[in-house]
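One structure is given here, and the rest of the page talks about it.
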Amino acid sequence: MDPSSIVFLAFILILSIFLGFELIAKVPSTLHTPLMSGSNAISGITLLGAISLTGAETGNDQLALYLGTAAVAFATMNVVGGYLVTDRMLEMFKAKGKK
Amino acid sequence: MNIEQLIDLVYILSAALFIFGLKWMGHPRTARKGNLTSSLGMLIAIIATLFSQGIVSYKFIVIGLLIGSVVGIVAARLVGMTSMPEMVAVLNGFGGISSLLVGVVAYLVNKNLDTFSAVTVILSVIIGGVTFTGSIIAWGKLKEVITGRPIQFFGQQFVNAAILIGILILAVMYSMNPAASTNYLWAIILISFLIGVMSVIPIGGADMPVVISLLNSYSGIAACAAGFVMNNTLLIVAGSLVGASGIILTNLMCKAMNRSLSNVLFSGFGSVVAGKNSAKIEGEVKPMSVEDAYYVLEAASSVLIVPGYGLAVAQAQHAVRELADFLEENGCEVGFAIHPVAGRMPGHMNVLLAEASVPYEQLKEMDEVNPTIETADVCLVIGANDVVNPAAREDKESPIYGMPIINVDQARTVIVLKRSMGAGFAGIQNPLFFKNNTRMLFGDAKGSVQGLVAEFKSD
């Protein structure tokens, strides 16, 4: 990888870390579990990498193909399971008088 | 504009959706919308990626997506709210293993990596591997397949140091000549699995909120490392957002226990018995019957319910809400005081009570209730122990000295619902049970609460 793109990616990294701290710091403890499972679903973003790799593999390398497919499957479980379970939880959080 | 540039534009939109989603997750009113927004961001990013020109065959992608979706949907539907910590642990582990696999496959398809790329592959493999096995062990501990007690053995620190040095040497050797070092990579994967196991087994069950938060952070960092491997900006942005959020939660949990992260990770808390110089506990345990408890509650004008992990174990949340409803009907002011580390993950109690449709305004944080706790007529402690242990305030020898607690002992009357006189998860005696204003209601938490509800009904 050439140095300029390394610097570019590092730049993005630093800014997103600061943004993450700013965004999460104010979340009340009531919402910590949904926040955790919701952000957990976001970490399944690695699925994009898995898709690109698996789709680009023509089948010369069987091992890479199978491992890539496994990566897609695991990341999808993370994404789908994470979002659905978070939604199920948040659906239950209700204000007074809305039982 | 070509297709790849369009995909990048979609990625920008998707990053913005993640950011708004997380922002909205900060309030109970907007949280659901926030989660939907973030899932929309994920969906468009996935669709855009599928249009990438590098993709020549969809067969295996579709297989993977199908398997993952089915398992994900079924698991999310079936899991009970009490098992939420286990669910989060497992999903974390899946995120970790997939980042590991992305690193491995990226290497397998192009072994001629430059040093920087080789290092990023190593990082995504190690962090992903540690997240994976660490989460599986955490799951085992939560599920009680593995003992919740810290597992420690003689020379553990030396073994750990040796493992770390070993993986460092392998990493350097791999990075110097990746093309001819496939076997080194396999070894690194195995050792990273081992590190995950070794780093979670010495941690006690009561410290699980910290571990879960930390593993959550790792899964984000692993995705971030995979982003460097793939040269994908969205992976880096989303991964570091998750990494940052996990670190914040970890920090909050540590603060709520008045311990440093290294203390949680390495001290094997709970395996030590309280110091011999510990203050002698004076007073006697005063048990009470359900009927007596009913008369106390019936006469109270303000009741503060303090739930703990025992509530989750007994699945008593619905019964407790019913009791709270009766109390309110009786003209009593009811609140739920929730300690930040009550339960097995951050916010665990809040989710259980929300499931039983307790409105979120009734859920109060520790700092909110402590200043006025003297005015509470009754504190009803249900399945909580260490988070209400006054030794944290009074006994300098106590291992939990200095930990912020809910000061239930300062309320007029304390009723503790407890199965038996056994010590809490941290294995520490609780002087609360011996105080003058404390009454013990022994028995299964759910049974006792249902008994109280029955008394109110027959009234």
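A quick yes/no check of all residues on (1) buried (at least 19 other Cβ atoms within 10 Å of the Cβ); (2) under 18 Å from residue B:344 (Cβ atoms); (3) of a type in the set (S, T, N, Q):
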| site | (1), (2), (3) |
| --- | --- |
| B:159 | no, no, no |
| B:184 | yes, no, no |
| B:187 | no, no, no |
| B:207 | yes, yes, no |
| B:223 | yes, no, no |
| B:232 | yes, no, yes |
| B:237 | yes, no, no |
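In the set (1) surrounded by fewer than 24 Cβ atoms within 10 Å (Cβ to Cβ); (2) more than 22 Å from the chain's Cα centre (by Cα); (3) at pLDDT 95 or above, the condition left unmet by residue B:133 is number (2).
Here's the yes/no breakdown for (1) within 7 Å of chain A (Cβ to nearest Cβ); (2) farther than 28 Å from residue B:121 by Cα; (3) modelled with pLDDT of 90 or more; (4) more than 17 Å from the chain's Cα centre (by Cα):
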{"position": "B:236", "(1), (2), (3), (4)": "yes, no, yes, yes"}
{"position": "B:245", "(1), (2), (3), (4)": "yes, no, yes, no"}
{"position": "B:270", "(1), (2), (3), (4)": "no, yes, no, yes"}
{"position": "B:273", "(1), (2), (3), (4)": "no, yes, no, yes"}
{"position": "B:280", "(1), (2), (3), (4)": "no, yes, no, yes"}
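Of all residues in the stretch B:331-350, those that are at pLDDT 90 or above and either touching a helix residue (DSSP H, G or I) at 6+ places or on another chain (Cβ under 8 Å) or facing chain A (nearest Cβ under 10 Å) (or both) total 9.
Residues of the stretch B:247-266 that are surrounded by 24 or more Cβ atoms within 10 Å (Cβ to Cβ) and either within 7 Å of another protein chain (Cβ to nearest Cβ) or part of a helix (DSSP H, G or I) (or both): B:249, B:253. Counting only residues that are farther than 24 Å from residue A:24 by Cβ, within 7 Å of another protein chain (Cβ to nearest Cβ) and not in a helix (DSSP H, G or I), which one in the stretch A:37-78 is modelled with the lowest pLDDT? It comes out as A:58. Of the residues B:394, B:355, the single one that is closer than 24 Å to residue A:90 by Cβ and among the acidic types (Asp, Glu) is B:355.
The values are calculated or read from the model by the stated rules, or taken from the named source; none is laboratory data. The structure presented is a predicted model; accordingly, all values stated were derived computationally and were not measured. Please note: Cβ atoms are built from the backbone with ideal geometry, for glycine as well, and neighbour counts cover all protein chains shown.
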